[in-house]
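Throughout, read-outs are computed from the coordinates displayed, never taken from laboratory work. For clarity, every value in this text was computed on a predicted model and none was experimentally measured. Cβ placement follows ideal geometry from the backbone for every residue including glycine, while neighbour counts extend to all protein chains displayed.
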Amino acid sequence: MKRFLLVLTLLLLGCAQVPSDEGQGTFEAPPAKAPEIEEIREPEAQIAQEPEAQIAQASGEPVPEDLSPEEQAWRGRIEAALEPAPCLPVPAPDYPASSYQGPLIDTHLHIPSIPDWDPEEEVTETPEGRFGGPQALLGWNVKMSEIACTIKNEGTRKNFAFFPVYEGEISARQLEIWKRTMEEYPEQFTPFIMSSGNDDQPDGFPTVGAATLREMLAVYPNLFRGYGEIGLYERENGGSPALPPDSQRLLEIYPLVRENNLVVYFHLGEGDRDNFETVLRQNPDINFIWHGDQLSTDEIESVLSNHPNAYYGIDAFWGHDRELFLLFVGDSKEEYLKKLNAKFTTVLNYAVQDWKDVVERHPDQVLWGIDRGDAVWNYDLEVGQAQVMLARSFIGQLDSSVREKIAYKTAEKLAQGLQ
Ligand SMILES: [Zn+2]
């Protein structure tokens with residue numbers, strides 16, 4: 001379990017980094033838990049008394065009895081992840097007239113993994129994310145059907161979904177879940193394989209190697225449309241070192257990306273400009289999306305100008321406020337929404353100030369995304385609606401000729417494999 005937590009939290013936190021002028025990499029200790037959090041967690045605590053048994057009972061399909069106890073537990077986890085849930089339509093909020101009102105594609109959606117700890121291991125509480133928020137675990141505290149319902153009702157009609165696939169025996173179970181998810185939601189999800197390596201180890205890597213990736217992709221041929229998000233930055237707390245885009249490990253992966261007609265999604269590391277541009281130049285037929293604040297705005301624009309196969313993902317609307325970021329990955333949905341509502345105009349103004357000119361100068365190479373997925377409540381409808389309100393307000397401030405492009409058209413083209 002330790003490995004899973006580190007891998008997931010590092011990947012997620014890495015891609016939601018605070019602006020570098022506000023102490024990037026020096027995150028504070030998680031805030032102390034407020035008393036009401038315990039109340040919110042009560043139902044989970046009940047479920048967790050006998051998690052595997054409860055999951056098996058709750059699953060969408062019966063678990064065969066002739067399987068070993070361990071295999072039964074895994075089957076239970078898979079079925080719990082895929083269990084249907086009712087999805088009642090909700091009316092769309094009234095957006096201000098100045099907002100963008102058209103379709104939206106979220107190009108940065110993390111999908112949680114099922115629990116990866118040994119079925120024999122007794123885990124009775126929802127693991128905490130790094131900032132104290134309840135970690136999202138599929139089939140444990142959120143179902144795929146609930147995530148699909150949230151994105152439908154919040155008004156993002158499609159998304160680029162990063163499906164985690166780990167090394168080891170869990171990979172077959174995860175791949176089965178993603179295969180069945182795509183059968184159920186072929187339109188909503190554009191599937192990316194997020195094949196993390198052992199990035200919690202000082203000698204580890206943020207992605208599996210080419211041979212392992214090849215095996216993963218071969219299980220369900222043509223299932224995936226993208227490879228990522230892969231965070232190439234150095235992991236904190238003794239995890240894996242930075243992996244440059246032109247490292248041998250990645251140079252061996254690009255042919256596989258080409259063979260499978262995948263789009264790449266990177267979170268670059270510090271200083272990954274020249275080496276990224278080398279890779280962009282060497283692989284003009286592969287489309288690369290990247291995000292993160294490692295490059296300056298000028299550098300971002302330069303890369304976009306020089307390489308038609310480069311795309312930048314805009315997300316992390318924090319209004320230059322580290323506190324808002326910490327709340328988004330933290331314990332309390334209520335506190336996050338309260339702060340966001342109070343600072344909505346400030347956050348919006350910073351987004352416009354930072355990105356309006358960039359989008360208008362590179363209208364065919366910029367994408368919008370939320371980058372949710374750390375705390376389980378990131379998948380709640382109110383949070384999705386707040387993010388969509390922010391996005392629609394931001395896009396509404398852009399020149400009318402670029403609005404539809406950043407909102408969905410560029411993403412649609414990328415998903416179809418067009419350049
Ligand atoms: Zn991310």
Determine how many Å³ per residue the convex hull of the Cα atoms of region 312-419 encloses. 99 Å³
Alpha carbon centroid spacing (whole Å) that separates region 130-188 from region 319-335: 23 Å
Among Arg361, Arg403, Arg372, which comes first, second and so on when ranked by fewest other beta-carbon atoms within 10 Å? Arg361, Arg403, Arg372
Cross-link list Lys179/Lys405; Lys356/Lys409; Lys158/Lys179; Lys333/Lys405; Lys152/Lys413; Lys143/Lys356: which exceed 25 angstrom alpha carbon to alpha carbon? Lys179/Lys405; Lys333/Lys405; Lys143/Lys356
Residue order, fewest to most surrounding Cβ atoms within 10 angstrom, among Ser247, Ser145: Ser247, Ser145
Based on other C-beta atoms within 10 Å, arrange Leu327, Leu304 from fewest to most. Leu304, Leu327
